[in-house]
Amino acid sequence: MNNKHTQEVKPQTIYLKDYQQPKYLVETVDLNFILEAEYTRVVSRLTITHNPDNKTKQAPLELLGEDITLISVALNGVALTDNQFELTDESLIIPDVPQNTTFTLAIENTINPQANSALEGLFVSNDMLCTQCEAQGFRKITFFLDRPDVMARFTTTLIADKTQYPVLLSNGNKIAHGELIDNRHWVTWEDPFKKPCYLFALVAGQLECIEDNYTSISGRNITLQIFVETHDIDKCAHAMQSLKNAMHWDEQVYGREYDLDLYMIVAVGHFNMGAMENKGLNIFNTKFVLACPGTATDMDYGHIEGVIGHEYFHNWTGNRITCRDWFQLSLKEGFTVFRDQEFTADQTSRAVKRIDDVNMLRTRQFAEDAGPLAHPIRPEAYIEINNFYTLTVYEKGAEVVRMIRTLLGTENFHRGADLYFQRHDGQAVTCEHFVKAMEDANDKDLSQFRRWYAQAGTPSIKVEKNYDENLQALTLTLSQTIPGQANAAILHIPIKVALFAADGAMMDATVSGVASINNELTLELTDQTQNFVFNNVPSTPIISILRDFSAPVKLQVSRPLTELAFLLQYDNDSFNRWEAGQQLSASIIFQLIAAIKEDQNTGIPATIVKSFKSILEQSWTDLSYLACLLSLPAENYLAEQMTVVDVDAIHQARQLLKRTLAEQLSNQFTVLYQQHHQDESGELNSTAIGRRRIKNLCLDYLSQLDNEDSYQLDNEQFAKANTMTDQVAALGAIVNTNNPKKQDCLQQFYQQWQDEALVIDKWFSLQASSSQPGTFAVVQALLKHPAFDLKNPNRVRSLVGAFSQANALHYHAKNGQGYQFLADQVIALNSLNPQVASRMVSALTQWRRFDTQRQDLMKQQLERIINTENISKDVFEIANKSLA
Ligand code: B3K
Ligand code: ZN
């Protein structure tokens, strides 16, 4: 029986409103794999019952399956004949199954992991076999009720050659193993917890592991293992420590304990995303596991801890309690991102973590939310669910959970979380269940707040103030709108505010009905326009608003530079203090842009140099935070604020400001650089990390001088670097200037690190994101470099992704060559790996933001992509929606 799968596009849209309970439930799944790279045999034995909650009688049983070859199917032990089932491109349908009793189904099929370049289902990465099932990859392994509200108990037996695949892993506990003839062996794994099939995983390969253990809060001993390829075994210690930190944090902060006796992580070199939370057997992109000071930057270390935490936290928010359907994705992702953000904040610098997260949200999620692919955190329709693992679902989803915490207060929020865990453990639920638990535990009405789940777009809040000296009262008028969203809902928005007096002291102002905690008030904006009257305001106040970025909104507020400089000096909210500096720099950059467009010369206002100088002269304990304060807003953040994005002017103006600051403050930058560089020891504690961060920011400023002195500084740091943080910072500076040693350094770096894939990724992306002339030719040449591989997602992201998403200047070249390059890569990737291809299309979807010439060029490429033969659903959906 051959089951043919011609890959046709059937862009069928799936709607939330059409959700129906499953007609059948699977109680147990017994899987048996005979693993070979090119020909794997799968036997799946299922026990199935009719779902009593779904009233449809005599419904056919429809199991989903794609790209698999069916060998046989038997019901209650009796093989079905061809006319007793129907096979389509996407399913196996059995019209007649028992309705009133449990029955068994045994399915045998084969798959070809080696041919699976989409990296979804069972695939090969550097000779190891591994899986990725979320969202709908399990159906590429065997026919199944592949939907998250079907939760079953899995037992898995893996059979493979002992030499080629000495390590055989799956979810849960290893319950038996043995040897077979022909040098083969087998292992049986049993997962005692019911789970949806998207959490299934298996791994087979020549892997080494580091092992440790963790004693849980109730005294259970849990074995922790991290599996990697042999040559990476010396790079696992940080991941292991991160895992232990995460386990401890979840016990302390959420009262959540791990539930199995074994926790395994496997690092693979070919992976579509960051990592996957499969029950008891996380599979990770090597990028988020492997680290040693020589190969990983401080930022990599931070990301590893964050992602390890994220996947670990999913065990409760995702696995024990999962999603009813994929529209509810933010239930697990938004909440889990919020949890990992707080974990990182507790481990490192809370201020810096908030700044990093808001930066990402404002540059990338806001753009998504204002563009043709805008969707609510709980989308209502999709063609390809993999396209909805978005910044909106993840990052804005996390902001929505954060706002619930702000509205309830931390203690009450945790009461709500406890109720959620207690009520829904073992269930597949919806976002509504989460909000309801928060409400019920606190007797708080969140009905209006729920609209955040259904409303797309970034609210814009207009702020007007009116101070009455006689009444000693300030009236703050806040109005909300959502640009680009017709009939937008009026949202419930928490806005944290504090008032400052001219001497920098906080005012003890009050608003009737609003609690003040340390002189900070959380206003609840629930109308379109609302007045908040602050009493006890003895003088004209300076307002610090949206403290800690208390809601994912844009503020429309006019503030003179002096007020921004004041807040940069005095605000005691670390986020808003930084924000004032960003606004100050941004205002100046926009003035420069206006001048550039008018062909005028304009100087840099003294305010900013003075502010920077004063910051540089203060003494700081959190040096990473100091580095944030001294960083200019990113080009894509500035672009976000322009009606028609002018990449050249943004780059030119920002560079001009950066260079001016470097020139005028070169002494200060040099002193600070030397102070923190001289005894560089490569330590990994937060003080050492902060010192490197500020030092390398100084290096970045000084490199703007693009002169002999700066070359010498960069070259020396490059040559003597004892950490990847320092080496990459120096090489980045070298690549972005006219340093005469550029080619030598690049060559040397490549020679030094050619066996370290993750470092070579950095080598590609540094070159691809350079603002120097000639970068496009370099990128084209790199595409032909022997180390470039379109089948490796990390490599694709490091070259094609970096060029199209982190090099606006060259990617948006006026002649359209950047767009054509990107479309070429998307078309090539479309047939190899649709998920990665569709991610790459994103750099074309924002075409409406550019001038008409660029718009036309981008649209041409989108059309070209859409008209590609055998376009995947993934790419089609993104390209098509962005043109609509
Ligand atoms: N849940 C996975 C993402 C799966 C993406 C599928 N296209 C990783 C995470 O969010 O933790
Ligand atoms: Zn996640």
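Go through (1) under 30 Å from residue 150 (Cβ atoms); (2) within 13 Å of ligand 1 (Cβ to nearest atom) for residue 320 and report which single condition fails.
The number of the failed condition is (2).
Hey, can you tell me all the residues within segment 414-443 that are open to solvent by 50 Å² or more (accessible area, probe 1.4 Å) and at pLDDT 95 or above?
415, 418, 422, 423, 425, 427, 432, 433, 436, 440
Of all the residues that make up segment 804-827, how many are assigned to a helix (DSSP H, G or I) and open to solvent by 40 Å² or more (accessible area, probe 1.4 Å)?
Number of matching residues: 6.
Within segment 738-774, how many residues are under 23 Å from residue 272 (Cβ atoms) and in a loop (DSSP other than H, G, I, E, B)?
2
List every residue pair whose Cβ atoms lie under 6 Å apart, where the two residues are 6 or more positions apart in sequence or sit on different chains, the first residue falls within segment 273-293 and is away from ligand 2 (no atom under 12 Å from the Cβ), and the second residue, located anywhere, is part of a strand (DSSP E or B) and of a type in the set (Lys, Arg).
279/195
Under 7 Å between Cβ atoms, at least 6 apart or on separate chains: pull out the pairs that start in segment 775-803 with a residue that is in a loop (DSSP other than H, G, I, E, B) and end on any residue that is open to solvent by 20 Å² or more (accessible area, probe 1.4 Å).
What qualifies is 788/795; 789/795; 790/828; 790/832; 791/117; 791/832; 792/270.
For segment 151-167, which positions are over 22 Å from residue 20 (Cα atoms) and open to solvent by 10 Å² or more (accessible area, probe 1.4 Å)?
153, 155, 157, 159, 161, 162, 163, 164, 166, 167
How many of the residues making up segment 697-724 are in contact (Cβ under 8 Å) with a residue 60 or more places away in the chain, open to solvent by 20 Å² or more (accessible area, probe 1.4 Å) and assigned to a helix (DSSP H, G or I)?
Selection size over segment 697-724: 1.
Any chance you could count how many residues in segment 499-525 are assigned to a loop (DSSP other than H, G, I, E, B) and in contact (Cβ under 8 Å) with a residue 40 or more places away in the chain?
3
Looking for whichever is open to solvent by less than 70 Å² (accessible area, probe 1.4 Å), in contact (Cβ under 8 Å) with a residue 60 or more places away in the chain and in contact with a helix residue (DSSP H, G or I) (Cβ under 9 Å, 6 or more places away or on another chain) here; the options are 46, 64, 31, 87. Which one fits?
Just a single option satisfies the conditions, and that option is 64.
Does residue 270 fit the bill of being open to solvent by 20 Å² or more (accessible area, probe 1.4 Å), farther than 21 Å from residue 214 by Cα, within 16 Å of ligand 2 (Cβ to nearest atom) and at pLDDT 95 or above?
When the stated conditions are applied, residue 270 does not pass them.
Could you count how many residues in segment 598-614 are touching a residue at least 40 places away in the same chain (Cβ under 8 Å) and more than 16 Å from residue 657 (Cβ to Cβ)?
Of the residues in that region, 1 qualify.
Select from segment 121-150 the residues that are open to solvent by less than 20 Å² (accessible area, probe 1.4 Å) and either modelled with pLDDT under 95 or among the acidic types (Asp, Glu) (or both) and write down the one among them that is nearest to ligand 1 (Cβ to nearest atom).
Looking at the filtered set, the residue picked out is 134.
Kindly indicate whether residue 198 is at pLDDT 95 or above, within 27 Å of residue 32 (Cα to Cα), of a type in the set (Phe, Trp, Tyr) and touching a Pro at 6+ places or on another chain (Cβ under 9 Å).
yes
Quick grid of which residues meet (1) open to solvent by less than 10 Å² (accessible area, probe 1.4 Å); (2) at negative phi; (3) not in a loop (DSSP other than H, G, I, E, B):
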site: 211; (1), (2), (3): no, yes, yes
site: 239; (1), (2), (3): yes, yes, yes
site: 245; (1), (2), (3): no, yes, yes
site: 260; (1), (2), (3): yes, yes, no
site: 290; (1), (2), (3): no, yes, no
site: 294; (1), (2), (3): no, yes, no
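So that you can scan it fast, the table gives a plain yes or no per residue for (1) surrounded by 23 or more Cβ atoms within 10 Å (Cβ to Cβ); (2) within 15 Å of ligand 1 (Cβ to nearest atom); (3) within 16 Å of the chain's Cα centre (by Cα); (4) not in a loop (DSSP other than H, G, I, E, B):
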{"position": "328", "(1), (2), (3), (4)": "yes, yes, no, yes"}
{"position": "333", "(1), (2), (3), (4)": "yes, yes, yes, yes"}
{"position": "337", "(1), (2), (3), (4)": "yes, yes, yes, yes"}
{"position": "351", "(1), (2), (3), (4)": "no, no, no, yes"}
{"position": "356", "(1), (2), (3), (4)": "no, no, yes, yes"}
{"position": "359", "(1), (2), (3), (4)": "no, no, yes, yes"}
{"position": "369", "(1), (2), (3), (4)": "yes, no, yes, yes"}
{"position": "372", "(1), (2), (3), (4)": "no, no, no, no"}
{"position": "375", "(1), (2), (3), (4)": "no, no, no, no"}
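Residue by residue through segment 296-305, note down the ones that are within 16 Å of ligand 1 (Cβ to nearest atom) and open to solvent by 10 Å² or more (accessible area, probe 1.4 Å).
303, 305
Tell me yes or no: at least one residue of segment 486-498 is loosely packed, with under 15 Cβ neighbours inside 10 Å and touching a residue at least 40 places away in the same chain (Cβ under 8 Å).
No: segment 486-498 contains no residue that is loosely packed, with under 15 Cβ neighbours inside 10 Å and touching a residue at least 40 places away in the same chain (Cβ under 8 Å).
In segment 569-590, what residues are of a type in the set (Phe, Trp, Tyr) and either farther than 19 Å from residue 556 by Cβ or open to solvent by 20 Å² or more (accessible area, probe 1.4 Å) (or both)?
570, 578, 590
Residues that are among the charged types (D, E, K, R): list the strands (runs of 3 or more DSSP E) wholly contained in segment 138-182 that include at least 2 such residues.
Of the strands (runs of 3 or more DSSP E) lying wholly inside segment 138-182, those with at least 2 residues that are among the charged types (D, E, K, R) span 151-161, 173-179.
Name the single residue that is farthest from ligand 2 (Cβ to nearest atom) among those in segment 326-341 being in contact (Cβ under 8 Å) with a residue 60 or more places away in the chain and either within 13 Å of residue 427 (Cβ to Cβ) or among the aliphatic types (A, V, I, L, M) (or both).
Of everything passing the filter in segment 326-341, 328 is farthest from ligand 2 (Cβ to nearest atom).
So is residue 411 open to solvent by 20 Å² or more (accessible area, probe 1.4 Å), part of a helix (DSSP H, G or I), of a type outside the set (Val, Ile, Thr) and within 16 Å of ligand 1 (Cβ to nearest atom) or not?
No.
Output yes when any residue across segment 267-284 is more than 28 Å from residue 693 (Cβ to Cβ) and more than 16 Å from ligand 1 (Cβ to nearest atom), and no when none is.
Yes, some residue in segment 267-284 is more than 28 Å from residue 693 (Cβ to Cβ) and more than 16 Å from ligand 1 (Cβ to nearest atom).
The values are calculated or read from the model by the stated rules, or taken from the named source; none is laboratory data. Quick caveat, the model's predicted, so the values are computed rather than measured. All Cβ positions, glycine included, derive from the backbone under ideal geometry; neighbour counts span all protein chains shown. Surface areas here come from the heavy atoms of the whole protein model, side chains and all, with no ligands, DNA or RNA. Shrake-Rupley method; radii C 1.70, N 1.55, O 1.52, S 1.80 Å.
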